[in-house]
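The values are calculated or read from the model by the stated rules, or taken from the named source; none is laboratory data. Just so we're clear, the structure is a prediction, and the values are computed from it rather than from any experiment. A quick note on method: Cβ atoms are made from the backbone with ideal geometry, for glycine too, and the neighbour counts reach across all protein chains shown. To get the accessible areas, we keep the full protein, side chains included, count just its heavy atoms, and leave off ligands, DNA and RNA. Shrake-Rupley method; radii C 1.70, N 1.55, O 1.52, S 1.80 Å.
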Amino acid sequence: MTFQRARTEEQREIRRRAILDMASAMLHEMPVAAVTLNELSRRVGLAKPNVLRYFESREAVLLELLDRFLQEWLTELAGELAAGIDENLPMAERAAAVAEILSRSLSSRTVLCDLFGAQGSVLEHNVSVEVVARYKRASLDRLTTMTALIQNHLPELGENATLFSLQTMVMAGALSAYSTPPPSLQEAYQAEPDLARFHLELKDSLKLALTATLLGVLPRG
């Protein structure tokens, strides 16, 4: 992919989208930690200083992608919840259904979970106040959207739906790190099967964590 110099706002937007699309493709090939600005620049056909004209750092690219993937997931999640939950069921059964749908939906989106896991420790570093503040404002909008979706099917949660929504994303990121071990650890698990108990299957472990969280915050009686 090669570009002529961008001279209009439309051309600059095309460059931005191309960079984001290439970074997205890379994330489907490799973990977040392996995505480098040098490789991204090479694949997109721009010199590294030119990529930095559109995004101030690798982390800025990945934060924007995280917001994109989160929006896409929430759009799909709305349909999944609507199709999978009978509003006439008792509260406990609706809670179990919510945990099942969330865990199944998130475990099928490993890139999103990988980005969740890197957000606090990596992606929100090496970015300016302006960039991280813009991302956090967008994140508030996504959190509000997810909260409304959860409250629609579990109104009993009340204000706790916001905390549950946030914890869902945090747990998905944390648990994903244990479900995709690096090659060296995979070899260790094969050599010593007892060690494999540290390898967590994302869907099952996330479902257990979400169910336990819901049982802890839902009203009793």
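Convex hull volume of the Cα atoms of region 30-111, normalised per residue: 106 Å³. With distances taken between every two different alpha-carbon atoms, region 74-140 has a Kirkwood hydrodynamic radius of 14.3 Å.
Solvent-accessible surface (1.4 Å probe) assigned to Glu93 amounts to roughly 100 Å². Only Cα pairs under 8 Å and 6+ residues apart enter the sum, and on that basis the relative contact order of the chain stands at 21 percent. Comparing Val61, His28, Asn160 along the charge dipole axis of the chain, the residue lying farthest to the positive side is Val61, per the Cβ-charge model. The listed residues Thr213, Thr36, Thr75 rank as Thr75, Thr36, Thr213 when sorted by accessible area, largest first, using a 1.4 Å probe. For Lys48, the solvent-accessible surface computed with a 1.4 Å probe is close to 80 Å², ligands and nucleic acids excluded. For His28, what accessible surface area do you get with a 1.4 Å probe? Give it in Å², rounded to 10. The value for His28 is about 130 Å².
Pull out a ≥ b ≥ c, the square roots of the eigenvalues of the alpha-carbon gyration tensor of the chain, then state rounded if a/c is under 1.5, prolate if not and a/b is larger than b/c, and oblate in the remaining case. It comes out oblate by the Cα gyration axes. Every helix of 4 or more DSSP H residues in the chain counts as -39500 (n - 2.57), and over all residues that averages to -23000 deg cm²/dmol at 222 nm. Restricting the calculation to Cα atoms, region 103-180 shows an Rg/Rh of 1.01 when the hydrodynamic-style radius is the Kirkwood one. Only one residue of Ser128, Ser176, Gly79 has its Cα farthest out toward the positive end of the dipole of region 78-221, where Lys and Arg carry +1 and Asp and Glu -1 on Cβ, and that residue is Ser128. Under a model in which nothing but the beta-carbon of Lys, Arg (+1) and Asp, Glu (-1) is charged, region 1-133 shows a dipole of about 900 debye around its Cα centre.
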